[in-house]
Number of protein chains: 2
Amino acid sequence: MNPLTIGHLAHATGTKTETIRYYEKIGLLPRPRRTAGNYRSYGEEHVQRLGFIRRARDLGFSIDDVRELLTLAAHREQSCDNVDEIAARHLAATERKIAALTRLRRELGKMLASCHGGEISECRVIQSLSQDQRSRPAA
Amino acid sequence: MNPLTIGHLAHATGTKTETIRYYEKIGLLPRPRRTAGNYRSYGEEHVQRLGFIRRARDLGFSIDDVRELLTLAAHREQSCDNVDEIAARHLAATERKIAALTRLRRELGKMLASCHGGEISECRVIQSLSQDQRSRPAA
DNA sequence: ACTGCACCCTGTAGCCACTACAGGGTCAAG
DNA sequence: CTTGACCCTGTAGTGGCTACAGGGTGCAGT
């Protein structure tokens, strides 16, 4: 209801004040009014918009994606195909990341499981990192 | 065998020349000899070391971890506990990332599945981003 | 000898999405 | 009228490269 300071807006949306100023600088949040003492003064619309931004960011959307989602969200009568496309693209990228990390996890797990302690000279982890897999003898 | 230029070292290890110079700048690769024309001149030991670095980086180890792994690898008579600890820590971090991304994937999948096209005003994706989950009505 | 051309050199700036100061100003309570 | 919590701007740092700009080197072909 009443206008909020940047600190209150930060608290209300779970954002840091520096981040809010950063979003303003890059044009993601509109510049708010200022008080007589030059403090930023926010209203309900800023809480909404920053909440949207924060939720999208928490879901891993890039700043550019968020920017586009905000623009699309403002055109209520248009088709949501573009929105779905952004989300689908992000979902696909997330799946690719999961797949890559899963491969890493398997590799790391194998390395660790094969190491039975002892000296560095016998350490499987170091051995794995030291030799090119392609030229390692099959034995 | 014969000394390599930076381009040849790059080719041999699948690294970019800029990255090799960067690794030298941050002290990860030792400064090589120079030719009369001030070209960097690399030997087999550089191929080994850069190969180690690249494999560790491909497994997602941070530069600082790689630095420590290189130091540990050089002390062949010491225990490999420290190595295993770095690897275990990295494995745990990788698992946390996978868990976080898996949650994201589920959320994104739910959002997309519930959206049946049409107008933005009815778009589930936009709705999800627009409202705070905690204050959304249960219906 | 000369001309291209591919490669090499240094140094700096940019990427992403913040985060952390430094050096100041404002405002309400005591 | 002072204290302390908040606010302001602007700049620099994070990780791990990547991309220039503006030059020099080396070798093949003519």
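Read-outs throughout are calculated quantities, based only on the coordinates presented, and are distinct from any laboratory measurement. Computed from a predicted structure; not experimentally measured. Backbone-built Cβ (ideal geometry, glycine too); neighbour counts: all protein chains shown.
Expressed as a fraction of 2.2 N^0.38 Å, the rule-of-thumb size for a compact globular protein of N residues, what is the C-alpha radius of gyration of chain A? Don't skip to the answer; put the middle values down first.
Numbers: Rg = 24.4 Å, N = 139, 2.2 N^0.38 = 14.3 Å.
After normalising by residue count via 2.2 N^0.38 Å, the value is 1.70.
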Problem set entry | Inter-copy label distances at B:N38 (7 Å, Cα→Cβ; nm, one decimal) | 4.8
Exercise. Restricting attention to the alpha-carbon atoms of the stretch A:31-93, what are Rg (one decimal) and Dmax (integer), both in Å?
Worked result: 14.6, 48
Seminar exercise, completed: Least to most buried among B:C80, B:C115, by other C-beta atoms within 10 Å and fewest first, runs B:C115, B:C80
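Based only on Cα atoms, what mean projected area does the convex hull of the stretch A:1-66 have, in nm²? Walk me through the numbers before you get to the answer.
Details: hull surface 16.9 nm².
Averaged projected area of the stretch A:1-66's Cα convex hull equals 4.2 nm².
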Exercise. So which trypsin sites (Lys or Arg not before Pro) in the stretch B:43-83 end up in coil per DSSP with only 14 or fewer other C-beta atoms within 10 Å?
Worked result: B:R76
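Mind checking A:99-108 for the average number of partner chain beta-carbons within 10 Å of each residue's beta-carbon?
6
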For this session: Straight distance only, please: which lysines reach the Cα of A:K25 with their own Cα at less than 23 Å, same-chain residues fewer than 8 apart left out?
Result: A:K16
Exercise. Mind checking which aspartates and glutamates have their C-alpha under 18 Å from A:K97, skipping anything on the same chain fewer than 8 residues away?
Worked result: A:D58, A:D65, A:E107, B:D58, B:E95, B:E107
Problem set entry | Cβ neighbours within 10 Å from other chains - mean over A:54-64 | 3
Exercise. Within a Cβ distance under 12 Å of A:A87, other residues only, what is the Lys/Arg minus Asp/Glu net charge?
Worked result: -2
Exercise. So what is the relative contact order for chain B, in percent, with contacts set as C-alpha pairs under 8 Å and at least six apart?
Worked result: 15 percent
For this session: Just grab the label-to-label distance for A:A113 and A:A92, each label 7 Å out from Cα along the Cβ direction, in nm (one decimal).
Result: 3.3 nm
For this session: State, in angstrom, two size descriptors of the protein assembly as shown derived from its alpha carbons: Rg to one decimal place and Dmax to the nearest whole number.
Result: 25.7, 78
Exercise. Listing B:T35, B:T13, B:T94 from the residue with the fewest other Cβ atoms within 10 Å to the one with the most, what is the order?
Worked result: B:T35, B:T94, B:T13
For this session: Between B:S121 and A:E24, take the C-beta separation as r, use R0 = 35 Å, and let me know the FRET efficiency to the nearest 0.05.
Result: 0.80
